[in-house]
Amino acid sequence: MAGTGYFTSVEDVTAKLADTGYLASAAVATTVFLADALGKPLLIEGPAGVGKTELAKAVAEASGSRLVRLQCYEGVDESRALYEWNHAKQLLRITAGKDETWDEARNDIFGEEFLLARPLLTAIKGDEPTVLLIDETDKADVEIEGLLLEVLGDFQITVPELGTITAGRKPFVVLTSNATRELSEALRRRCLFLHIDFPDAALEQRIVRLKVPGVDDALASSVVKVITALRAMELRKAPSVAETLDWARTLLALGADSLGEDVVRASLGVILKHQEDVVKADARLELGKVLDS
């Protein structure tokens, strides 16, 4: 089965993602293009808040595809990821056909009409362009990876009562992970790998200017310098790109056109989410030196 064919080149990926508001680095654009061209799932790891999920959404928007999302969590199982039978509807069907033999009823109630498709089966069955996002894969139990292997290896799902359902149109698959646990080698082998870290200062400044239009170059530069300094402090939770944008919007709401000690100290809670981090930043952040760097 060929690739999904959404993009014609790395430059095409960069341009189309930019049109959606996602500024992709060369590494990101190249890996997205290869995943598309080769028809391979894309596993994206990195800290929370660096744009892993947003990348999947941007690919869906850029390619005009529907987005099907499986949000992983501890305890997610086959009935939430693949499919389950509509037991209430099956019971009604059995009751309505009470004069039928069990064999006659059984052949009917295990048809597709009674099947409730969950995200993985929804993405496989669809004929329209689809981006399948398996979000925060590392939060799911190890057992869920076994369910993913058939889907990601052969793009098919086996339903014992119906047989094997194979994708007529291969979805573009994105798995994200915050690396809170190690994913299996079997799962990794089926994917192309991309690590997204915090962007460099120049790219993050461009992101701020794009996403928060009211911020001028000088303020965007100051914001990114402070965020970079905070990330270097070995905090419990370093500020993400999402928090950089929240802080830029906060400064606009406060009417601040530059960064001073008072406004920075007063708004640290927007970018730091643990009191120990706020205390550390308050004690160690040398604002004047950071802004002059």
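The values are calculated or read from the model by the stated rules, or taken from the named source; none is laboratory data. All values reported here derive from a predicted model rather than from experimental measurement. All Cβ positions, even for glycine, are placed from backbone atoms using ideal geometry, and neighbour counts span all protein chains on display. Areas reflect the complete protein model, heavy atoms only, side chains present, ligands, DNA and RNA absent. Shrake-Rupley method; radii C 1.70, N 1.55, O 1.52, S 1.80 Å.
Quick look at the numbers
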| read-out | value |
| --- | --- |
| Members of the stretch 18-59 found to be over 22 Å from Gly153 (Cβ atoms) and among the aliphatic types (A, V, I, L, M), listed by number | Ala18, Leu23, Ala24, Ala26, Ala27, Val28, Ala29, Ala48, Val50, Leu55, Ala58 |
| Cβ pairs under 7 Å, 6+ apart, first in the stretch 176-194 and under 19 Å from Lys139 (Cβ atoms), second assigned to a loop (DSSP other than H, G, I, E, B) and open to solvent by 50 Å² or more (accessible area, probe 1.4 Å) | Cys191/Lys40 |
| Test: residue in the stretch 273-283 that is polar (S, T, N, Q), at pLDDT 95 or above and over 19 Å from Leu23 (Cα atoms) | yes |
| Identity of the residue in the stretch 243-269, closer than 13 Å to Val226 by Cα and open to solvent by 40 Å² or more (accessible area, probe 1.4 Å), that ends up farthest from the chain's Cα centre (by Cα) | Glu261 |
| Set Thr53, Thr8: member being in a helix (DSSP H, G or I) and either surrounded by fewer than 20 Cβ atoms within 10 Å (Cβ to Cβ) or not assigned by the TED database to the domain that holds Ala140 (or both) | Thr53 |
| In the stretch 110-147, the residues that are crowded, with 20+ Cβ neighbours inside 10 Å and at pLDDT below 90 | Ile144 |
| Yes/no for Arg209 being without any contact (Cβ under 8 Å) to a residue 24 or more places away in the chain and surrounded by 14 or more Cβ atoms within 10 Å (Cβ to Cβ) | yes |
| Answer residue from the stretch 220-242, given it is touching an Asp or Glu at 6+ places or on another chain (Cβ under 6 Å) and buried (at least 16 other Cβ atoms within 10 Å of the Cβ) and is farthest from Asp292 (Cα to Cα) among those | Leu235 |
| Some residue of the stretch 149-166 being touching a Phe, Trp or Tyr at 6+ places or on another chain (Cβ under 8 Å), without any contact (Cβ under 8 Å) to a residue 60 or more places away in the chain and assigned to a strand (DSSP E or B) | yes |
| Residue in the stretch 199-220 that is in the same structural domain as Glu261 (by the TED database) and among the polar types (S, T, N, Q) present | yes |
| Selection count, the stretch 200-232, where residues are of a type in the set (A, V, I, L, M, F, W, C) and touching a Leu at 6+ places or on another chain (Cβ under 8 Å) | 11 |
| The stretch 24-48, residues that are part of a loop (DSSP other than H, G, I, E, B) and either open to solvent by 30 Å² or more (accessible area, probe 1.4 Å) or not assigned by the TED database to the domain that holds Arg190 (or both) | Ser25, Lys40, Pro47, Ala48 |
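Residue-by-condition table, conditions (1) more than 18 Å from the chain's Cα centre (by Cα); (2) closer than 30 Å to Gln90 by Cβ:
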{"site": "Pro160", "(1), (2)": "yes, yes"}
{"site": "Gly163", "(1), (2)": "yes, yes"}
{"site": "Lys170", "(1), (2)": "yes, no"}
{"site": "Ala179", "(1), (2)": "no, no"}
{"site": "Glu185", "(1), (2)": "yes, no"}
{"site": "Phe193", "(1), (2)": "no, no"}
{"site": "Pro199", "(1), (2)": "no, no"}
{"site": "Gln205", "(1), (2)": "yes, no"}
